[in-house]
1. When you scan the range 51-65, do you find a residue that is among the hydroxyl-bearing types (S, T, Y) and at pLDDT 95 or above, even just one?
2. How many residues are open to solvent by 40 Å² or more (accessible area, probe 1.4 Å), touching a helix residue (DSSP H, G or I) at 6+ places or on another chain (Cβ under 8 Å) and either closer than 10 Å to L370 by Cβ or not in a helix (DSSP H, G or I) (or both) if we restrict to the range 269-287?
3. Among (1) of a type in the set (A, V, I, L, M, F, W, C); (2) surrounded by fewer than 16 Cβ atoms within 10 Å (Cβ to Cβ); (3) modelled with pLDDT under 95, where does A260 come up short?
4. Given A378, A368, which one is over 28 Å from F176 (Cβ atoms), of a type outside the set (D, E, K, R) and under 23 Å from the mean Cα position of the chain (by Cα)?
5. In the range 200-210, is there at least one residue being part of a loop (DSSP other than H, G, I, E, B), surrounded by fewer than 19 Cβ atoms within 10 Å (Cβ to Cβ) and either touching a residue at least 40 places away in the same chain (Cβ under 8 Å) or in contact with a His (Cβ under 8 Å, 6 or more places away or on another chain) (or both)?
6. Can you name the number of the only condition in (1) of a type in the set (A, V, I, L, M, F, W, C); (2) in a loop (DSSP other than H, G, I, E, B); (3) open to solvent by less than 20 Å² (accessible area, probe 1.4 Å) that L37 fails?
7. Only one residue in V313, V326 is under 24 Å from the mean Cα position of the chain (by Cα), open to solvent by less than 20 Å² (accessible area, probe 1.4 Å) and not acidic (D, E). Which one?
8. Return the total of residues in the range 373-402 being out of contact with any Gly (no Cβ under 8 Å at 6 or more places or on another chain) and either in a loop (DSSP other than H, G, I, E, B) or not aliphatic (A, V, I, L, M) (or both).
Amino acid sequence: MPSDFTLNPLDPATRRNPYPIYARGRREHPVFLHDGLPLRVASVFRYADVQAILRDDATFSNSFPLQRQLAELGGAEVPPPSMLGTDGEEHLRLRGLVNKAFTPRIVRRLEPRMEEIAAELVDAALAAGEVDLVQALTYPLPVTVIAEIIGIPAEDRVKFKRWSDEAIASLGLVFFGGFDRERFERQRRLLDEMRGYFVPLAEERARRPQEDLLTGLVQAEHEGSKLSHEEMLQMLVLLLVAGNETTTTLIQNSVIELLAHPEAQDRVRREPALLETAIEEVLRFSSPVQFDPRRVTRDVELQGVKLADNDYVLCWLGSANRDEGVFERADAFDPAREKNPHVAFGFGAHYCLGANLARLEARAALGALLSRTRSLEAAWSGELPLHPSPVFRGVTSLPVRLS
C-alpha cells in the first residue's frame, strides 16, 4: 500500500520538532528510502539498526566518493579526506596521530581553565542582565578552549569562529540536493584561506615547538607516519568544527531544555551533583548531531529494504535516542535518568574523539550559569533562528535574562 510517510530534513517545521516523524519512522518505516533525491538515500530510525550500522564500517563506510563528484563542480583537485572520512587502517593512523591530545587525563587538566573562562563569561553576562547567550557564552567558551588546545593566538579567534561557521554551513546538504557549484566554490575558498593561515603557523612550530596540539601534529609519528600539510589542514578543519560546533550546540540545547522544564532547572540548581546526568539527558533528548551518514559498500538488506553498493544511509541519532524499546519514558526529559546508553557521540570506530572535552565544557558552562545566577529566563518571542545545517539540532541566537 502507498504510504504518506515522508521526511524532509530541510523543512523548518520538521527540524523544530522531528520527534513525531521519528516515532512513526521507528514504527512503520525503520529503513525509509527517500524519493526524488539526486543520490539514493535511506534513513534509519531504530536504535539497534543505527548501532549495527555504525559498528560495521566494512559494510557501511565513512569514506564518501561524492567528494570527487563535488570536486567536478569546480574542476579542483580533491583534498585528502579528514580522519572522519576514512576507515580501517587509514582511520587508525590518522586517529592515532591526534588521539593522545584528547585522553581523559589530558582533558581533565584543562578543566580549571574551562571553569575560569566560563565564570568570566557568565559574570559579563550578568553585568548586562539580558544577553544573547550564544554570543555571550555558548560559542566563546568552546572556541576559546579548542583554540588554546590547538595553539591559535588569542587575537585570531574571531577568524577561527568565522571559519567554523562557514565550514559547517553546508554540512549534510549534499544528501538532499542542496549543494551546488556556488557552495562548493565558497568551501574551496575557505580551505585556501585556512591553508594560507595554518601552513606558515605549522612551519613556525617546526622551528619553535610549543606546548600545543599544532606542535604535536607537526611532530607526531604513528608507526613511522607523519601528516602531510594537506592531511594536517583537514585534521585542523575537523577539530575546528567538531571541537567547537557540537559543544556550542550541546550547551545551548541544555539551556533551552532547562528553560522548557523549570522543575528540572530547579532540581539541578538544588542538587548540583545532578549536572552530569542532566547533560547526558540533553545529549539523548536533544542530540546536537541529528544524523550520521554512511556509504553502503556491498549489497545488503536491512529491515526488508535492499540497499546497494554506493547507496547512502543516514543514521538518525536523534531518533535512536528516543527509541521506546531502549529508553523508559523516552519522550520525557529526566535530569536524573540513570540508564542512558545514548548514541549522541556516535558509536563504533568513529565514536567522537572529543566526547570527554564536550562533556567537561558543558559542565563548566552550565555549572557557572546555575551557580552564579538566581534565575534564568527566556527573553525571546516567536521562533529562534535555526542552525543552517540539518545535521545539527541548534539555534544561532538565544536571548535570555539573568539575575
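The values are calculated or read from the model by the stated rules, or taken from the named source; none is laboratory data. Everything numeric in this text was worked out from a predicted model, so none of it was measured. Quick reminder, even Gly has a Cβ in these numbers, built from the backbone with ideal geometry, and neighbours come from all protein chains shown. For accessibility, only protein heavy atoms count, side chains too; no ligands or nucleic acids. Shrake-Rupley method; radii C 1.70, N 1.55, O 1.52, S 1.80 Å.
1. Yes, the range 51-65 contains a residue that is among the hydroxyl-bearing types (S, T, Y) and at pLDDT 95 or above.
2. Here the count works out to 2.
3. Among (1) of a type in the set (A, V, I, L, M, F, W, C); (2) surrounded by fewer than 16 Cβ atoms within 10 Å (Cβ to Cβ); (3) modelled with pLDDT under 95, A260 violates only (3).
4. Only one candidate passes the filter, namely A368.
5. Within the range 200-210, one or more residues are part of a loop (DSSP other than H, G, I, E, B), surrounded by fewer than 19 Cβ atoms within 10 Å (Cβ to Cβ) and either touching a residue at least 40 places away in the same chain (Cβ under 8 Å) or in contact with a His (Cβ under 8 Å, 6 or more places away or on another chain) (or both).
6. Of the numbered conditions (1) of a type in the set (A, V, I, L, M, F, W, C); (2) in a loop (DSSP other than H, G, I, E, B); (3) open to solvent by less than 20 Å² (accessible area, probe 1.4 Å), the odd one out for L37 is (3).
7. V313
8. Summing the residues that are out of contact with any Gly (no Cβ under 8 Å at 6 or more places or on another chain) and either in a loop (DSSP other than H, G, I, E, B) or not aliphatic (A, V, I, L, M) (or both) in the range 373-402 gives 18.
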